[in-house]
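Report on the structure given below.
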Amino acid sequence: MHKGLGSAVNLVQLLLAESVRYGGTVVDATAGNGADTLYLARLVGPKGKVYSFDIQEKALLATRELLEKAGFAGRVTLIQAGHEEIESFVTGPIDAVIFNLGYLPGSDHSIVTRAGTTVVAVNSALNLLRPGGRIGLVIYTGHPGGGEEYAAVENLAVSLDRTRFNVIRINFLNRAAHAPVVIVVEKAGA
Ligand SMILES: C[S@@+](CC[C@H](N)C(=O)[O-])C[C@H]1O[C@@H](n2cnc3c(N)ncnc32)[C@H](O)[C@@H]1O
């Protein structure tokens, strides 16, 4: 299905795909309803591995159901923990990490990713990446704490050494001020 440039999630998925190897290891840092985990599970193939984090059991149950329907559950480890603990569960080098920040659509809006833990998690993800690996983030600024979280991620992104990381941002130029923003970081040296 052609999802187009209007979907920030689609843009991140497309930009990560080039760094994901068949048989590789990747992380979904925010499983939610499982759409990104499903996408990554398809890309890594039967010998690949996806680690998928969420703090909500409800999210991981929805993700498991989606994976089972697709026949991909065997290549995914679901972890009920904050992504700030990623290095306790995953050893590198890994190909890609996706962060679809904010809250679970249709669920409790107070259970939301937050600036402090997101920054810890992104730093951990950068440690785990292989050369040529990428981190993709979809960041929402319209909810309480969203602006602060965006500023924290942007601060981190602009401070990265340009000889070690390629960093890009995508903004929708003809949408509302609170349209989601995409940031992708690639570890140089593949
Ligand atoms: C926008 S949703 C993710 C959408 C998902 N990728 C999908 O395809 O449906 C954000 C998710 O982040 C989770 N979350 C919030 N804080 C977290 C944390 N510290 N670590 C991991 N997940 C967290 C929420 O529970 C929520 O399910």
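Every number in this text was worked out from the coordinates using simple rules, so none of it is lab data. In this text, all values refer to a predicted model and were calculated from it rather than measured experimentally. No Cβ is skipped: glycine too gets one built from the backbone with ideal geometry, and neighbour counts run over all protein chains shown.
Across region 8-187, the mean sequence separation of Cα contacts (distance under 8 Å, 6 or more residues apart), normalised by length, yields a relative contact order of 22 percent.
Where a ≥ b ≥ c are the square roots of the eigenvalues of the C-alpha gyration tensor, would you call region 115-160 rounded, which needs a/c under 1.5, or, failing that, prolate if a/b is larger than b/c, or oblate? It is prolate, given that a/c is not under 1.5 and a/b is the larger ratio. Mean-square fluctuations from a GNM of the chain, with a 10 angstrom spring cutoff on Cα atoms, peak among Ile139, Ile94, Ile170 at Ile170. Summing charges over all other residues whose Cβ lies under 15 Å from the Cβ of Pro180, with Lys and Arg as +1 and Asp and Glu as -1, gives 0. In a DSSP loop and with at most 15 other Cβ atoms within 10 Å, the chymotrypsin sites (Phe, Trp or Tyr not before Pro) in region 111-190 are Phe172.
Considering only Leu101, Leu156, Leu67, the mean-square fluctuation computed in a Gaussian network model of the chain, springs between alpha carbons under 10 angstrom, is largest for Leu156. The phi-based Karplus calculation (6.51 cos²θ - 1.76 cosθ + 1.60; θ = phi - 60°) puts the 3J(HN,Hα) values of region 147-162 at x, 5, 5, 4, 4, 5, 5, 4, 4, 5, 5, 6, 7, 6, 4, 6 Hz, whole numbers, x for Gly and Pro. For region 3-63, the list of trypsin sites (Lys or Arg not before Pro) that fall in a loop by DSSP and count at most 12 other C-beta atoms within 10 angstrom reads Lys3, Lys47. Of the residues His83, Gln56, Thr163, the one whose Cα sits farthest towards the positive end of the charge dipole of region 8-187 is Thr163 (charges of +1 on Lys and Arg Cβ, -1 on Asp and Glu Cβ, taken about the Cα centre). Can you give the net charge of the other residues whose Cβ lies under 10 Å from the Cβ of Leu15, counting K and R as +1 and D and E as -1? Residues close to Leu15 contribute a combined charge of -1. With the Cα gyration tensor of region 71-183 giving a ≥ b ≥ c as the square roots of its eigenvalues, does the rule (a/c under 1.5 for rounded; else a/b larger than b/c for prolate; else oblate) give rounded, prolate or oblate? Taking the square roots of the gyration eigenvalues as a ≥ b ≥ c, region 71-183 is oblate. Full extension of the segment from Phe172 to Lys3, taken as 0.36 nm per residue of separation minus the current Cα-Cα distance, would add 59.3 nm. For region 14-55, the relative contact order works out to 48 percent when only alpha carbon pairs closer than 8 Å and six or more residues apart are counted. For region 57-97, the gyration tensor built on C-alpha atoms gives an oblate shape. Its axis ratio a/c (a ≥ b ≥ c) is at least 1.5, and a/b is not larger than b/c.
Taking the helices alone, the chain has a mean residue ellipticity at 222 nm of -10500 deg cm²/dmol, built from -39,500 (n - 2.57) per DSSP H run of at least 4 residues and averaged over all its residues.
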